């Protein structure tokens, strides 16, 4: 599927693009709120500053995608492949990242407030400067990621007064 075809159909209120092949697509800056791209191939795509709020990207392949300053507020990102993705400054407030693969992903200054991180692979990920106020972190090892200056509960950077929920059967450390 071509970028133009996707956006034209989206403007006609079509939202279901499940399994679409959009390898290296340029969707920079588009408003694609509530779109269904579950199991889609967006590897190598440019999604810089794209609004994917409320979108379903479950089991999608977003390897090496540029999501710099993208909006993924409340998005369903369960079992998503974000290996090597650039999410610098992205807004993932309230996103569900259950079983997401974020190995070597760049989440520098990303907003993960109230996000759900359950069984997430963060090996080699950069979470420096990320905000996780009110996030739920279950069976996710933050010790394998760069967490320098990451904002957790009860810090000046956290605007939310909600508590951080952290549980892990195999907790290693809070590196950073």
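Values quoted throughout were computed directly from the atomic coordinates according to the rules given, and no laboratory measurement underlies them. Small disclaimer: the values here were computed from a predicted structure and weren't measured.
State the label only: which of [x] -0.53, -0.89, -1.10, -1.21; [y] -0.39, -0.78, -0.98, -1.12; [z] -0.22, -0.66, -0.95, -1.16 corresponds to log10 I(q)/I(0) by the Debye sum over Cα atoms at q = 0.08, 0.14, 0.17, 0.19 Å⁻¹ computed from the shown model?
Given [x] -0.53, -0.89, -1.10, -1.21; [y] -0.39, -0.78, -0.98, -1.12; [z] -0.22, -0.66, -0.95, -1.16, the structure-derived one carries the label [z].
Classify segment 37-86 from the C-alpha gyration tensor, please: rounded if a/c falls under 1.5, else prolate or oblate depending on whether a/b exceeds b/c.
oblate
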